[in-house]
Amino acid sequence: AFFRNDSVLPFTLRTDLRSLRRDRDTADSPWREATITWSGADGPRTAPLRLRTRGAFRLRLCTFPPIRLRFAQDSVRGTPWRDLHRPKLVTHCMERSEYEQNVLQEYALYRLLRLVTPYSYPARLVRVTYEDAAGGQPVTHYGFVLEDPDHFAERVHGAPLTRPGVRQGEIHRPSAALLGVWQYFIANTDWSLPGLHNIALLRIDSVVHAVPYDFDWSGAINASYARPDPSLPIRSVRERIYRGLCVNAE
């Protein structure tokens, strides 16, 4: 239900932002206590949760890190957050308007992909006010919430595969064709199926589907930090190169 609603959801996250900004260890960032406040039917409501930093490149580059939320189900029963478990919160990278536009553009790409396949992560646009528990001026930015990968797999009756080295020829043919065309369509080369880089694999009904995610390096967004891999015969992310399977029209 959370992702079937297209309205922008405003809420406030309050935590130790100074410590959160310093959590840059991708392998061992701690869960930090926080509260989330939103408008309920009877006025403002607040619930406890925990959050931590996540990601790789953006975690190193950005002044504001990407975040994973963690809800305790007993605390959010009967609220909009009741089915989310451990969703990703995609945040602005830096305090400049171009980076907020990047967030909105990436959200649009997730919505586009949902139009052509149910095997893609649903996204909900949010407007987040970040409050530092230690004081300081709050900041408000757009972001979007992505469904927890484990919950997504369970919902579509799939089993996640984490074995690297899978080739495109081993993927369900329609899924492999869509993967290649989608990445070409948005001018994205920042993915690898064998390396499981920005690709999740799900086994559903005995076949394997590829689920792409993280599109901020695509030419459709053209973020200021995005560069193609030097091994590719392109000089800009705005240049398209097809990296999918050669398949027939059908």
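The values are calculated or read from the model by the stated rules, or taken from the named source; none is laboratory data. Worth saying up front: this structure is predicted, and the values here are computed from it rather than measured. Neighbour counts are summed over all protein chains in view; Cβ atoms, including those assigned to glycine, are modelled from backbone coordinates with ideal geometry. Accessible surface areas use protein heavy atoms only, side chains included; no ligands, DNA or RNA. Shrake-Rupley method; radii C 1.70, N 1.55, O 1.52, S 1.80 Å.
For the range 160-211, the square roots of the Cα gyration tensor eigenvalues, ordered a ≥ b ≥ c, give a/c of at least 1.5 with a/b no greater than b/c, which places it in the oblate category.
I'd like the orientation of helix 173-185 relative to the chain: the angle between its Cα long axis and the longest Cα principal axis, in ° from 0 to 90, rounded to 10. Approximately 70 degrees, to the nearest 10.
Over the residues of the chain, the helix contribution to mean residue ellipticity at 222 nm works out to -6500 deg cm²/dmol, using -39500 (n - 2.57) for each DSSP H run of at least 4.
On the basis of the beta-carbon distance and an R0 of 35 Å, Thr46 and Ser224 show a calculated FRET efficiency of 0.45. Using only side-chain charges placed at the Cβ, +1 for Lys and Arg and -1 for Asp and Glu, the dipole size of the chain relative to its Cα centre rounds to 180 debye. With the cut-off at 1.5 for a/c, could you classify the range 1-155 from its C-alpha gyration tensor as rounded, prolate or oblate? Rounded. Annotation: per residue accessible area for the chain equals 51 Å², rounded to a whole number [probe 1.4 Å, protein chains only]. Judged by the gyration tensor of its Cα atoms, with axes a ≥ b ≥ c, the range 81-239 is oblate; a/c meets the 1.5 cut and b/c is at least as large as a/b.
Between the helical axis of 97-116 and the longest alpha-carbon principal axis of the chain there is an angle of about 60 degrees. Between Trp31 and Ile234, the simple spin-label model (points 7 angstrom out along Cα→Cβ) gives 3.9 nm.
Within the accessible area of the range 159-227, what % is carbon and sulfur when the probe is 1.4 Å and the other protein chains stay in place? Solvent-exposed carbon and sulfur of the range 159-227 make up 56 percent of the total. Judged by the mean number of other Cβ atoms found within 10 Å, the most tightly packed of the peptides 3-12, 195-204 leads the ranking 195-204, 3-12.
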